[in-house]
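J.: Below are the structure tokens for one structure; questions will follow.
The values are calculated or read from the model by the stated rules, or taken from the named source; none is laboratory data. Here the structure is a predicted model, which is why all the values come from computation and not from measurement. With ideal geometry, Cβ positions are generated from the backbone for all residues, glycine too; neighbour counts draw on all protein chains shown. Areas reflect the complete protein model, heavy atoms only, side chains present, ligands, DNA and RNA absent. Shrake-Rupley method; radii C 1.70, N 1.55, O 1.52, S 1.80 Å.
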Amino acid sequence: MMARVARVCGHSFLASLFGSPPLIIDAGFNHGQFSQAMMTAYDARMVAVEPVQALYDARARDPRLRAWRAAIGGHDGEVVINVYAERCASLLGEVTPGEESSGETVALWTLARLRREAGFDQADLLKLDIEGAELDVFEGAAAAELRCFRQITVEFHDFVWPEQAVRVRRAMALMRAAGFRRINFSRDNTDVLFVRRDLLSWPAWLWLRFVVRNLRGLRRRLRGERD
């Protein structure tokens with residue numbers, strides 16, 4: 001049977017690879033839409049990480065959701081995150097003239113630190129939507145650490161910062177070397193899925209990459225949705 005793709009909040013993944021119940025890591029929790037959708041659809045156990053104080057404080061209280069206030073990056077330490085009034089907070093970027101913003105100091109964790117704090121060895125899915133800092137995560141993680149995640153769904157941000165394009169290509173090469181297959185479900189790297197090679201056969205990967213991806217993209221364009 002060919003693998004089937006699900007998509008939640010712009011992130012694609014293979015639910016057929018989930019355990020019961022799945023353990024899912026939501027890095028870039030934001031307002032919690034992704035976590036809530038995964039708990040509703042899959043009764044998932046969620047580990048959420050959100051650096052912005054107001055968003056962390058406003059999270060829903062659910063026994064399936066465990067949350068930490070931290071940013072995910074390439075090393076452990078402390079960092080100031082830029083919090084904007086009209087766009088997502090980020091460790092990157094500059095304030096434009098007239099833009100309302102503030103800075104918040106927050107703990108910076110690697111994936112290894114996150115695993116220690118949350119107390120898990122393996123997870124079914126890691127969702128990374130951290131406004132450009134995903135590149136630091138990939139560059140700072142050992143291959144064995146990355147393989148603790150069965151799947152990783154990522155929104156890269158070279159569409160915002162084109163100068164990141166070289167590092168995005170490098171991150172994709174690092175993931176291939178770490179033992180992952182890649183399927184890009186978008187034209188601008190906003191919906192990229194990495195699946196461990198031992199979990200996804202070569203024929204299934206080809207089916208997803210060259211048939212499913214193009215059919216889904218065509219349907220979205222016909223509906224006028226973002227590709």
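J.: Assess whether ALA44 counts as being at pLDDT below 95, open to solvent by less than 50 Å² (accessible area, probe 1.4 Å), in contact with a helix residue (DSSP H, G or I) (Cβ under 8 Å, 6 or more places away or on another chain) and over 20 Å from TRP109 (Cα atoms). Talk me through it step by step, then tell me what you get.
T.: Numbers: at pLDDT below 95: no; open to solvent by less than 50 Å² (accessible area, probe 1.4 Å): yes; in contact with a helix residue (DSSP H, G or I) (Cβ under 8 Å, 6 or more places away or on another chain): yes; over 20 Å from TRP109 (Cα atoms): yes.
So ALA44 does not fit the description; no.
J.: Are any residues in the stretch 78-93 among the small types (Gly, Ala, Ser) and over 16 Å from GLN164 (Cβ atoms), and if so, which ones? Can you show your working first?
T.: Taking the stretch 78-93 as the starting set, the residues that turn out to be among the small types (Gly, Ala, Ser) are 85, 89-90, 93.
The answer is ALA85, ALA89.
J.: Considering only residues that are modelled with pLDDT of 95 or more and open to solvent by 40 Å² or more (accessible area, probe 1.4 Å), look in the stretch 182-200 and name the one that is farthest from ASP129 (Cα to Cα).
T.: By that ranking, first place goes to ASP198.
J.: Sort out which residues of the stretch 80-109 are among the aliphatic types (A, V, I, L, M) and modelled with pLDDT under 95, and write them in order of number.
T.: Step one: of the stretch 80-109, the residues among the aliphatic types (A, V, I, L, M) are 80-81, 83, 85, 89, 91-92, 95, 106-108.
Result: VAL80, ILE81, VAL83, ALA85, ALA89, LEU91, LEU92, VAL95.
J.: Taking the stretch 58-93, which residues are polar (S, T, N, Q) and out of contact with any Ser or Thr (no Cβ under 6 Å at 6 or more places or on another chain)?
T.: Of the stretch 58-93, the ones polar (S, T, N, Q) are 82, 90.
The one that is polar (S, T, N, Q) and out of contact with any Ser or Thr (no Cβ under 6 Å at 6 or more places or on another chain): SER90.
J.: Quick one: in the stretch 131-159, of everything that is free of Cβ contacts under 8 Å to residues at least 40 places away in the same chain and open to solvent by 20 Å² or more (accessible area, probe 1.4 Å), which residue is nearest to MET46 (Cα to Cα)?
T.: Only one residue fits best here, namely GLU145.
J.: Right, another one. From the list ARG169, ARG187, ARG176, pick out the single residue that is out of contact with any Cys (no Cβ under 7 Å at 6 or more places or on another chain) and farther than 24 Å from LEU92 by Cβ.
T.: Working: ARG169 fails: farther than 24 Å from LEU92 by Cβ; ARG187 fails: farther than 24 Å from LEU92 by Cβ.
Answer to the selection: ARG176.
J.: Out of all the residues in the stretch 55-78, is one or more at pLDDT below 95, open to solvent by 30 Å² or more (accessible area, probe 1.4 Å) and more than 26 Å from PHE120 (Cα to Cα)?
T.: no
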